[in-house]
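S.K.: Handing you this structure, nothing more for now.
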Amino acid sequence: MRRGDGPGAWVLEGLEPGRYRLHVSIDENPANPRRFPGDYEAQLRFEVTERGPERLTVDMVRLIHLTHPGDNGRALDGVLTSCATQPVFETPRHSWGPTARIEFAWEPVVPGAEYQVSITAVSCSQPDRQREILRMMTGATAVGLALPPSAGDEQYYFWIAAWRDGRLVGDLYTHDGGVHSWNYRFQVRNASLPRWAYVAAGGLLLLLVVGAVRFLPAAEPARRRRLALRALALVLVGGLAGGAYYVVHDRVEERERRRAEEERTQSEAERQARQREMIAAFVSAAPRPSWWASVQTPYHVDNVGDLLAAWQGFPRGDDGLGERQFFKAAYRGIVDHPDDEHVVATAIDLLYWVVDDYPHRLPLAQWGYEHYFQHRQRTDNCVNCLPGDRTQGLTQNLSRLLMAAGRHDEAIAVCRRLIDERGADVSPYKLAETWDRIAWAHWEKGERDRAREVIREAIAKYGTTVRGDDLRRTLATFERAP
């Protein structure tokens, strides 16, 4: 691609006839990662023939900022990755026809835009099973929708699209733990009393009224007085007993509350002490770089979703500023959330790939490998991942740095430990990468026959994986050498 004449013009040459998909992404809002509200996205499918096309016009769609009930200006942790972690809205406790009223609001895209709002019910276990609940157009930037409880294993998808003059000018985009989609997802839970409870209460009241009407007037005056006194006594005894119960219950509950509060206070103090110790160890192994104070980062990392959004969206191809912005955000995420092992392990794994001139890359990689060797990564946001894949990444990064430092035996040892102790938790194609690394470590050490043995064994084990061709290329390189 090269720039063409005029703003927004690009030239692409040399495409063979066939069908293509063009993706254009503009990071218009530098205050957040790419593909977040305020940025522009477009995907266009087109076909190249012998005659053209000579020109394509790509209409860019601005990403809408949803402000309620969730804010897609940040990663929405749990919204997309699992039905079990989605936001849940409950129906009122007392409602004959239970529905939950949910308020949706968003920022305007352009003046005069109309917004198409739709709700779709989608099965969690079979996403292709979908049914549209409603579709409407509005010129407002907020709607309140009354929705019934989610049926079966269904979830709701909320969509917004902005239109003006018959053209799509805005769309909703959400992020969660590295996953992204064009909708906001949630469930509605039925928290209302069942209808039979109202029927039963009404029937009981009716029986009492009928009994009183039929029985009391027929009784003698003296007996009516005795019955009334007995009823009053029962009410007083019940009231006193109930009051005594609640007094005792409140005292017991207060003692339990104080005990639980003391335990929480002690647990929090211990947690903070562990955090301070861990932060000190981390900062000692990986001090802040010299450029720290001169770089301002727009990214804030509070969870894995924030971290992966910054990773996927920081600027590439500049003078290195984008990498330093990501480095600072990830480093801060580690220091701010040392007890979130998913954030810390993932951040250390990703920090390897940015800021090559950081002088403490090897100690940082060693620290991550030692502290998170038993880490089990999240797999809800990665279809083909296994729990040990993040540890494999930490091992792979450390082995590369050890080899670059001439410490080949140590590189082999960390890889062998991964295979022996965590091999069952690691994806086969990642184990293929690890075996390839071992072979190269032997090769660079001068043990060429051993390197060939290792790579042949790797091909026998993992030659059918997506890394099979890489293994065969390594073997070909070894065999061409004298």
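The values are calculated or read from the model by the stated rules, or taken from the named source; none is laboratory data. No experiment lies behind these values; they were computed from the predicted model shown. A quick note on method: Cβ atoms are made from the backbone with ideal geometry, for glycine too, and the neighbour counts reach across all protein chains shown. Heads up: the accessible areas ignore ligands, DNA and RNA and are worked out on the full protein's heavy atoms, side chains in. Shrake-Rupley method; radii C 1.70, N 1.55, O 1.52, S 1.80 Å.
S.K.: Need the full-extension length gain, ARG276 to ASP319, defined as separation in residues times 0.36 nm minus the C-alpha distance. One decimal, nm.
M.R.: Contour length minus the Cα-Cα distance gives 12.0 nm.
S.K.: Related question: Could you pull out every residue, at least 5 positions away or on a different chain, whose amide H is within less than 5 Å of the one on ASN183? Hs are placed 1.01 Å off N in the peptide plane, and Pro or chain starts have none.
M.R.: So ASN183 has HN proximity to THR174.
S.K.: Excluding residues fewer than 8 places away in the same chain, name every one of the lysines whose C-alpha is closer than 29 Å to that of LYS328.
M.R.: Counting by Cα, and skipping residues close in sequence, LYS328 has these lysines nearby: LYS430.
S.K.: Which is the longest stretch in the chain that no exposed loop site breaks, taking sites as chymotrypsin sites (Phe, Trp or Tyr not before Pro) with a DSSP loop state and at most 13 other Cβ atoms within 10 Å?
M.R.: Of all site-free stretches, the longest is 97-352.
S.K.: Straight distance only, please: which aspartates and glutamates reach the Cα of LYS445 with their own Cα at less than 15 Å, same-chain residues fewer than 8 apart left out?
M.R.: Output for LYS445: ASP409, GLU410, ASP436, GLU453.
S.K.: Still on this structure, I have one more. What FRET efficiency comes out for HIS94 versus GLU262 if R0 is 25 angstrom and r is the Cβ-Cβ distance? Round to the nearest 0.05.
M.R.: Calculated value: 0.10.
S.K.: Compute for region 26-160: radius of gyration divided by Kirkwood radius, i.e. Rg/Rh, restricted to C-alpha atoms, rounded to two decimals.
M.R.: That ratio equals 1.04.
S.K.: Also, I was wondering about something else. Counting only the heavy atoms of the protein chains, how much of ASP5 is accessible to a 1.4 Å probe, in Å² to the nearest 10?
M.R.: 150 Å²
S.K.: Here's something else I'd like to know. Report in % the part of the accessible area of the chain that belongs to carbon and sulfur, leaving out ligands and nucleic acids; probe 1.4 Å.
M.R.: Here carbon and sulfur together make up 53 percent of the probe-accessible area.
S.K.: Another question, then. Identify the residues of region 150-177 with backbone N under 15 Å of a label point that sits 7 angstrom from the Cα of ASP77 along the Cα-to-Cβ direction, or state none.
M.R.: Residues passing the 15 Å test: 175-177.
S.K.: If you don't mind, there's one more thing I want to ask. Per residue, how much accessible surface does region 398-482 expose to a 1.4 Å probe? Answer in Å², no decimals.
M.R.: Here the residues of region 398-482 average 50 Å² of exposed surface.
S.K.: Let me ask something additional. Based on the Cα atoms of region 308-393, what semi-axes does the equivalent ellipsoid have, where each is the square root of 5 times one gyration tensor eigenvalue, given in whole Å with the largest first?
M.R.: Here the semi-axes work out to 21, 16, 12 Å.
S.K.: Do any cysteines of the chain lack a neighbour Cys whose Cβ is under 4.7 Å away, and which are they?
M.R.: CYS415
S.K.: Another one. Return the FRET efficiency for the residue pair SER25, ALA191: r is the Cβ-Cβ distance, R0 is 35 Å, and the value is rounded to the nearest 0.05.
M.R.: With a Förster radius of 35 Å, E is 0.25.
S.K.: Moving on. Could you work out how far helix 341-351 tilts from the main Cα principal axis of the chain, as a 0 to 90 degree angle to the nearest 10?
M.R.: Tilt of helix 341-351: around 20 degrees.
S.K.: Another question, then. For helix 321-336, report the angle its Cα long axis makes with the longest principal axis of the Cα atoms of the chain; keep it between 0 and 90° and round to the nearest 10°.
M.R.: Once rounded, the angle reads 50 degrees.
S.K.: Further, regarding this structure: Suppose each label sits 7 Å from its Cα in the direction of the beta carbon; what would the TRP10-ASP380 distance come out to in nanometres?
M.R.: That separation, rounded to one decimal, is 3.5 nm.
S.K.: I would also like to ask the following. Tell me whether region 351-482 comes out rounded, prolate or oblate; compute the Cα gyration tensor, take square roots of the eigenvalues as a ≥ b ≥ c, and use a/c under 1.5 as the rounded threshold.
M.R.: Because a/c hits 1.5 or more and a/b fails to exceed b/c, region 351-482 counts as oblate.
S.K.: Would you calculate the separation in nanometres between label points at ASP409 and GLU421, each defined as 7 Å from the Cα along the Cα-to-beta-carbon direction?
M.R.: Roughly 1.9 nm, to one decimal.
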